[in-house]
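Only one structure is covered here, and it is reproduced in the block below.
Quick note: the coordinates plus some simple rules give every number you see, no bench work behind them. Keep in mind the model is a prediction, meaning the values are calculated, not measured. When we count neighbours, we look across all protein chains shown, and the Cβ atoms used for this are built from the backbone with ideal geometry, even at glycine.
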Amino acid sequence: MNHRDDISRSEEPTVAGGGFNTTLWSVVMLAGQETSPEAASALEHLCRTYWYPLYAYARRQGHSPPDGQDLTQQFFAGFLEKKYFGLANPDRGRFRSFLLASFKHFLANEYHRSQTARRGGQYAFVSWDETEAETYYGNEPAHETSPDKLFERAWVLTLLEKVVKDLQQEYVGAGKGKIFDALHVFLSGEKSESTYAEIGEALQMSESAVKMAVSRLRQRYGEKLRSEIAHTLTGSARVEDELRHLLAALSG
């Protein structure tokens, strides 16, 4: 899917799952202070969302699928216990960089000292589908790609998948689920098998109305993409700079 097309202006960030208006950095800092149940819930949500990039990193480092799962599970268990919050520095700007640095710290200093978590052990943070995880990983570029670059690529794809799912939920909530199902193909650079006229006939819409609906869908996608990126930034980091970097990571 080509996510470069029709990316529009930004909107104010909000954390998915409720009216908790903040960035992912704020989630980490507030959860670390143990003063906000909302922040703790949002922290758990973001961990469940962004598990795959870390799993891909572990696999590219040479760990087996079972060990990759254990590593990711252990890391998130420790992450929620706030073991790595001391590494958090919002001034660095990018949450993805903090998350990867925390995972590297875990791999270097904690995993090999731990004897409590093995396959089938006490950690079950991510509801794991081993087949799905390895299917994702099997679609990754050749092994010449470094673990760091693979993490960035997986981060981008995870972020884009989240944006599409959130957009779908928004359309379904507005009673426009059928419209989304018919038009979401136009968010990619791929050619639709159906013409606007054919889609309009199926949706009982005119061809011009379908064109307008596609334009609105693309615009809203761009807004939500920038919003999601904004959730991961703070300090001097800019959404447009991060967007360009992420798209370059995806194409590279």
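Some points to look at:
- The stretch 182-222: trypsin sites (Lys or Arg not before Pro) in DSSP coil with no more than 15 other Cβ atoms inside 10 Å: Lys191
- Stokes-Einstein diffusion for the stretch 161-242, with the hydrodynamic radius set to the Kirkwood value over Cα pairs and evaluated at 25 °C in a medium of 0.890 mPa s, equals 177 µm²/s.
- Mean Cβ neighbour count within 10 Å, used as a protection proxy, ranking 150-159, 242-251 highest first: 150-159, 242-251
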